[in-house]
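Have a look at the structure below before the remarks.
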Amino acid sequence: MSDSRKTVLLSGASRGIGHATVSRFSGEGWRVITCSREDIPEDCKRDPNWTHHIMADIAERTGLDHFIGEANRILDGGPLHALVNNAAVSPKTPFKERLGCLNGDMEEWRRVFELNFFAPLGLARGLARSLRKGQGSIVNITSIAGHAIHPFAGSAYSTSKAALSALTRELAVEFAELGVRVNAVAPGEIETSMVGPEYETLIPRIPMHRMGTPDEVAGAVFQLCSPDFGYVTGTEVFVTGGQHLY
């Protein structure tokens, strides 16, 4: 870890927004360390900047501790310049209903919060020393669903993302003492494998009349980690095409 490239660590890297964000940072010459429950595609293993991928389920305490330990071993006391907390889960009931307040297993609610809320907190704490050395940035991926009722995002997911928004503000204040900035990006309707045909009904509610792309979210994440945003912390950027305005 001794060369001059900046280093980003990202959770939930195997597809969608996470994969696009890896591509953006790698394209800008950053060294990339990632984790997900799945292995990465074979062609990604040939990316010279994507140096390490750790398979871990960070919704489990043992998996989170394993990943933090491996990441710190790879960093070897060196600096970390960006932490992107992207991994999340939005489960449905067996009948494909939203996991709401009156339905669904409480243990499933707890699992949602373990991954969507406690994992970002654990990663921030576990990597604080390296982030301080890098005078780095943390970007939490929140959601438009954390700010308004969403027809397809369940209550467990939405409230976990609202909690992550609040955590972003709290981290921003505490990590400022370390010289580390903390912000969030809140995507709206983004064209990924998680989006089904039913999402087409939401397009009329988007002022820009289209869904966003993973690359557009990745661009916002990258800019928040750049020197151009060096005086920005505690902010949540809405990448929604204006949908959050309604």
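No value in this document is a laboratory result; all are computed from the given coordinates. Computed from a predicted model, the values in this text were never measured in an experiment. Here the Cβ positions follow ideal geometry from the backbone for every residue, glycine too, while neighbour counts run over all protein chains shown.
Taking N as the number of residues in the stretch 103-246, what is its alpha-carbon radius of gyration divided by 2.2 N^0.38 Å?
The reported ratio for this selection is 1.09.
Under 8 Å for C-alpha pairs, at least 6 residues apart: give me the relative contact order for the chain, rounded to a whole percent.
Reported as a whole number, the value is 19 percent.
With viscosity set to 1.567 mPa s at 4 °C, what whole-number translational diffusion coefficient in µm²/s follows for the stretch 6-134 from Stokes-Einstein and a Kirkwood radius over Cα pairs?
This corresponds to a translational diffusion coefficient of 84 µm²/s.
Quick one: Cα centre-to-centre distance for the stretch 1-79 and the stretch 118-192, in angstrom?
Measuring centre to centre over Cα atoms gives 18 Å.
As a footprinting exposure proxy, order C101, C225 by other Cβ within 10 Å, with the fewest listed first.
Fewest to most other Cβ atoms nearby, the residues stand as C101, C225.
Mind checking the stretch 26-101 for trypsin sites (Lys or Arg not before Pro) that DSSP puts in a loop (not H, G, I, E or B) and that have at most 12 other Cβ atoms within 10 Å?
K96
Figure the gain on full extension for R5 and R125 (residue separation times 0.36 nm, minus the Cα-Cα span) and round it to one decimal in nm.
That works out to 40.9 nm of additional length.
Please report the relative contact order for the stretch 1-67, taking Cα pairs under 8 Å with a sequence separation of at least 6, and give it as a percent rounded to a whole number.
Computed over the stretch 1-67, the figure is 28 percent.
Distance from a point 7 Å along Cα→Cβ of R110 to each backbone N in the stretch 54-91: keep the residues under 12 Å and list them by number.
Within reach of a label on R110, which here means backbone N under 12 Å from a point 7 Å along Cα→Cβ, the stretch 54-91 contributes 61.
If each residue's Cβ is checked for other Cβ atoms within 10 Å, how do M106, M211, M55 rank with the fewest at the top?
M106, M55, M211
Could you pull out the trypsin sites (Lys or Arg not before Pro) across the stretch 158-240 that fall in loop regions by DSSP (anything but H, G, I, E, B) with no more than 14 other Cβ atoms inside 10 Å?
Sites meeting the loop and neighbour criteria: R210.
Give the share of C-alpha pairs in each 5 angstrom bin for the stretch 7-245, from 0 to the last occupied bin, in whole percents, shortest bins first.
Calculated P(r), rounded to whole percents: 1, 7, 14, 19, 21, 18, 11, 6, 2, 0.
Starting from the stretch 39-100, pick out the chymotrypsin sites (Phe, Trp or Tyr not before Pro) whose DSSP state is loop and whose Cβ has at most 16 other Cβ atoms within 10 Å.
Answer in residue order: F95.
L10's amide H: which non-local residues (gap 5+, or another chain) put their own amide H closer than 5 Å, with H modeled 1.01 Å from N in plane and none for Pro or chain starts?
Distant-sequence amide H within range of L10: I33, T34, C35, V84.
Report, for the stretch 7-245, the % of DSSP beta bridges that are antiparallel, rounded to 5.
The antiparallel fraction comes to roughly 5 percent.
As I understand it, the dipole of the stretch 1-108 uses +1 on the Cβ of Lys and Arg and -1 on the Cβ of Asp and Glu, about the Cα centre. Which of H66, I40, V8 lies farthest toward its positive end?
V8
Quick one: grab Rg to one decimal and Dmax as a whole number for the stretch 1-40, Cα atoms only, in Å.
Expressed in Å, the Cα Rg and Dmax of the stretch 1-40 come to 10.2, 30.
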